[in-house]
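The values are calculated or read from the model by the stated rules, or taken from the named source; none is laboratory data. None of the values given here were measured: they were computed from a predicted structure. Positions of Cβ are generated from backbone atoms using ideal geometry, with glycine treated the same way; all protein chains shown enter the neighbour counts.
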Amino acid sequence: MTVPFVDLHRQYLSIKDEVDAAIREVIEESAFIRGRFVTDFEREFARAVGLDRCVSCANGTDALYIAMKSLGLRPGDEVITTAHSWISTSETITQAGGDVVFVDTDATTFTIDPARLEEKITDRTVGIIPVHLYGQPADMDPILQVARAHGLWVIEDCAQAHMAEYNGRKVGTMGQMATFSFYPGKNLGAMGDAGCLVTNDRALADWCELYARHGGKGEHVMEGINSRMDGLQAAILSAKLPRLHGWTARRRQVAAAYDAALTDIEWLVTPHIAEQRTHVYHLYVIRTRYRDALREQLTRAGIGTMVNYPRSLPFYPAYERLGHRPEDFPNAYSAQSEILSLPIFPEISASEIDFVCGTIRAFRP
Ligand SMILES: *Cc1c(COP(=O)(O)O)cnc(C)c1O
């Protein structure tokens with residue numbers, strides 16, 4: 001038996017009729033760019049999150065960039081974000097003209113540590129981007145409290161956490177704006193690149209829509225960019241959205257099966273879920289100081305794993321200019337050599353989960 005890290009084809013086969021029909025409809029109507037499929041999905045996704053507006057765009061990275069531009073980011077402004085994320089979160093701060101300020105994660109959830117925010121705030125700080133990493137919401141209440149106290153905006157990076165909840169509130173509804181990715185492997189994935197931002201602020205949504213569509217069609221009221229979700233992706237996402245709830249439930253079942261089988265292994269730590277949070281398990285990430293040897297054994301057994309991510313952001317060459325040292329971000333730094341993502345996707349079978357767990361249990365550190 002081999003177990004892929006993720007298998008998108010199984011999902012396609014399970015919804016082939018709907019997806020094929022959606023694609024055919026877009027082609028029949030030549031609704032490739034803009035048009036009803038895009039506006040329908042925007043309306044459906046906004047309703048699913050529980051907000052008024054969704055502005056679709058080309059990918060989740062653009063969504064972050066557009067959101068920051070709409071909030072008026074200027075050169076020299078500082079934006080605080082987590083040391084542990086995909087680089088989209090921080091590279092767009094620079095792209096939008098700001099300066100990146102990293103904050104360490106807490107010791108157990110891989111999300112930004114609110115207790116370390118205050119010490120990073122200067123008179124140039126304008127906003128905070130928490131990331132709901134791996135599918136678990138960041139600790140939003142203290143983050144929002146700090147933001148309010150200092151007059152900062154908050155953009156939630158929800159790329160990995162579609163419909164996860166914090167204290168009964170959906171991610172994406174707590175900051176001024178939030179961004180989502182529909183990269184194929186995300187919990188709600190397109191068949192190509194796609195993304196969006198959501199907000200209840202009508203003026204911000206209008207601005208983002210203009211900005212992402214060349215500053216307006218016909219009448220260019222400003223210079224913008226070209227960042228659009230295409231009709232095929234929108235129609236595919238509309239076909240898949242009704243399934244998201246069931247897929248998330250299945251991800252949770254898979255995680256529970258891993259938890260049950262692995263929790264008593266003393267050299268390994270299963271994901272910790274903080275109180276009042278629901279985890280949607282974009283990734284199931286264990287920790288062990290035997291990570292590399294364990295990964296090698298899993299690979300030899302034909303089991304796909306990933307390291308998300310090989311380094312914390314401050315320690316990539318891209319951020320050498322900031323001159324950070326391991327002791328600046330002790331939690332993120334120690335995690336980077338211990339984390340291992342196990343196969344998780346809604347269609348993974350019980351026997352595949354058993355095989356993964358058996359292979360891990362047979363490992364002798
Ligand atoms: C995937 C991802 C993004 C970017 O999404 P793309 O659609 O790939 O541009 C941003 N932030 C995080 C945390 C992500 O995982």
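Give me the pairs, please: first residue somewhere in segment 306-317 and polar (S, T, N, Q), second residue anywhere and in a helix (DSSP H, G or I), beta-carbon distance under 8 Å, and either six or more positions apart or on two chains.
Close Cβ pairs satisfying both conditions: ASN308/TYR134; SER312/ALA332; SER312/TYR333; SER312/ALA335; SER312/GLN336.
Please pick out the residue among GLN160, GLN136 that is touching a residue at least 40 places away in the same chain (Cβ under 8 Å), closer than 19 Å to ILE344 by Cα and within 11 Å of the ligand (Cβ to nearest atom).
Result: GLN160 is the single residue among GLN160, GLN136 that is touching a residue at least 40 places away in the same chain (Cβ under 8 Å), closer than 19 Å to ILE344 by Cα and within 11 Å of the ligand (Cβ to nearest atom).
Quick check on my filter: what residues within segment 13-26 are in contact (Cβ under 8 Å) with a residue 40 or more places away in the chain and either assigned to a helix (DSSP H, G or I) or closer than 26 Å to ALA301 by Cβ (or both)?
SER14, GLU18, VAL19, ALA21, ALA22, ILE23, GLU25, VAL26, listed by residue number.
Give me the pairs, please: first residue somewhere in segment 62-83 and farther than 21 Å from HIS132 by Cβ, second residue anywhere and among the aromatic types (Phe, Trp, Tyr), beta-carbon distance under 7 Å, and either six or more positions apart or on two chains.
The qualifying pairs are LYS69/TYR211.
When only residues in segment 27-67 that are more than 16 Å from the ligand (Cβ to nearest atom) and in a loop (DSSP other than H, G, I, E, B) count, which is surrounded by the fewest Cβ atoms within 10 Å (Cβ to Cβ)?
The residue in question is SER30.
Of the conditions (1) of a type in the set (A, V, I, L, M); (2) surrounded by 20 or more Cβ atoms within 10 Å (Cβ to Cβ); (3) closer than 26 Å to ALA255 by Cα, MET191 clears all except one; give me its number.
Among (1) of a type in the set (A, V, I, L, M); (2) surrounded by 20 or more Cβ atoms within 10 Å (Cβ to Cβ); (3) closer than 26 Å to ALA255 by Cα, the lone unmet condition for MET191 is (2).
Under 7 Å between Cβ atoms, at least 6 apart or on separate chains: pull out the pairs that start in segment 345-365 with a residue that is outside the structural domain of TYR134 (by TED's automatic domain parsing) and end on any residue that is among the basic types (Lys, Arg) and surrounded by 12 or more Cβ atoms within 10 Å (Cβ to Cβ).
Matching pairs, first to second residue: PRO346/ARG250; PRO346/ARG251; GLU347/ARG10.
So which residues in segment 155-192 are more than 15 Å from SER238 (Cα to Cα), more than 14 Å from the chain's Cα centre (by Cα) and assigned to a loop (DSSP other than H, G, I, E, B), if there are any at all?
Once the filter is applied, which keeps residues that are more than 15 Å from SER238 (Cα to Cα), more than 14 Å from the chain's Cα centre (by Cα) and assigned to a loop (DSSP other than H, G, I, E, B), segment 155-192 yields ASN167, GLY168, THR173, MET174, GLY175, GLN176.
Condition check ((1) surrounded by fewer than 20 Cβ atoms within 10 Å (Cβ to Cβ); (2) among the basic types (Lys, Arg); (3) out of contact with any strand residue (DSSP E or B) (no Cβ under 6 Å at 6 or more places or on another chain)) across all residues:
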| residue | (1), (2), (3) |
| --- | --- |
| PRO137 | no, no, no |
| GLN145 | yes, no, yes |
| HIS150 | yes, no, yes |
| ILE155 | no, no, no |
| HIS162 | no, no, yes |
| ARG169 | yes, yes, yes |
| GLY172 | no, no, no |
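With the structure loaded, tell me whether ILE344 is under 19 Å from THR111 (Cβ atoms) and assigned to a loop (DSSP other than H, G, I, E, B) or whether it fails that test.
Against the criterion (under 19 Å from THR111 (Cβ atoms) and assigned to a loop (DSSP other than H, G, I, E, B)), ILE344 qualifies.
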